[in-house]
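J.: Below is one structure. I have some questions about it.
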Amino acid sequence: MPYLHRTSDQPTPVQPYLCGLAVKGTALKLRAGDKDCLVARSKCYLKLGDTENSLKDAEASLQNDKTFSKGLYQKAEILYTMGDFEFALVFYHRGYRLRPELQKFRLGIEKSQEAIVNCIGSPSSVKLENKEDLCFISKQAESKKANQKLQVKLTKDQKCTRKQEPVRNPKTERQLLGELYADKAYLEKLLKDEDLMESSTKQGIKVADLVLSGISYLDTRSEFWQQQKPIYARVRERKLRQQRWMRDKKQKPAEAGRYVVKSMEDIDMLLTGDCPEESCKKAERVLKTIQGWSDDEVPNKNELIGNLHSCIGNAQLEMGQMEAALQSHKMDLEVARQNDLPDAVSRALDNIGRVYARIGKFQQAIDTYVKLVTEKA
């Protein structure tokens, strides 16, 4: 049993979570109902996107012991992933009361509370300008009225309206998906290749099914991210993060601080506005300027430099300059390691793996993601 636990916990290059799932299943056959095995298998299911089976295993681990902290945490994580933030908060609180020394429960409480506030918040600065969004809200109101009056039949106009799904504004979708927007655009472009869509893999799986499942997954995640952190909250968070780079400055002129914040906003908006070349040029100019400043002027200078390398790499990726993008993200990784910035290390590894995947170097992409998971653990 210990061997089976260890084997499934170690990430492998080929389909790590599927392999882990199989090993956990074998372990459960040898020791039915083992709580640790159920939680471990639940984690594999969750990584594979199977929240239903993941939740079943998590609940099974709590069946005979409602105070099992690993089961409580896993159930909370699943509910959070499903977007059920209120119930996730309940289970994070239960775990925290039982094991207050475990930081993960406190962090879970914080992120659930933040997600709930983001979902129900309604800043006056947020305005619906997308006609399709207004149409969607209108249809929600119609649906509510229809449920209250079951005897009232839908008019022809309503039936016609409900068949038409609102088209999401590309700019809105780009902000939600971030770096994954380019991947979705690539998948949608593949759909237009009829010959490719009619072909199948060596395993007999239709390419069209794989592409459609990828697009469906990205749509699902964008909906979740919109619930977890709406766009207005993302914009506000980005501004706060940029301001945080300046929080320790004592002698830095206010003009320099405004320059950095404004420049980072411009770089981000140019990239999300489908102008990667201009975004790249802007980031390179700002990088050159920042490198000429002293540490007294910008206390978080190295963090900012790494972030600019990341911005340049993302823009280069958008322009199809794969090798240049790879080098930029590797420079980001080097800066992050030299300055002990764990979040930046994770960002750089994730971007490097994504570039490898885009250029077809899948083994190197897998190795990079395994390294990312290992360093996070």
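J.: Taking the Cβ of each residue in 92, 217 as the centre, tally the other Cβ atoms inside 10 Å and list the residues starting with the fewest.
T.: Neighbour counts put them in this order, fewest first: 217, 92.
J.: Can you give me the distance in nm between label points at residue 66 and residue 278, each placed 7 Å from the Cα along the Cα-to-Cβ direction?
T.: 6.0
J.: Holding the Cα-Cα limit at 20 Å, pick out from 43/104; 56/111; 35/70 the pairs that are longer than that.
T.: Result: 56/111 exceed 20 Å.
J.: Testing the spin-label approximation: label points 7 Å from Cα along Cα→Cβ at residue 364 and residue 322. State their distance in nm.
T.: Going from the residue 364 label point to the residue 322 one covers 0.9 nm.
J.: Turning to a different aspect of this structure: Could you work out the relative contact order of the range 255-377? I mean the mean sequence separation of Cα pairs under 8 Å and 6+ apart, divided by the number of residues, in percent.
T.: Relative contact order comes out at 18 percent.
J.: Okay, moving on. Students often check this: by mean Cβ neighbours within 10 Å, which of 300-310, 103-113, 184-194 ranks highest, and how do the rest follow?
T.: The peptides rank, most packed first, as 300-310, 103-113, 184-194.
FYI, it's all coordinate maths here, none of it is from the lab. Since this is a predicted model, take the numbers as computed values, not measurements. Glycine gets a Cβ as well: all are built from the backbone with ideal geometry, and neighbour counts include every protein chain shown.
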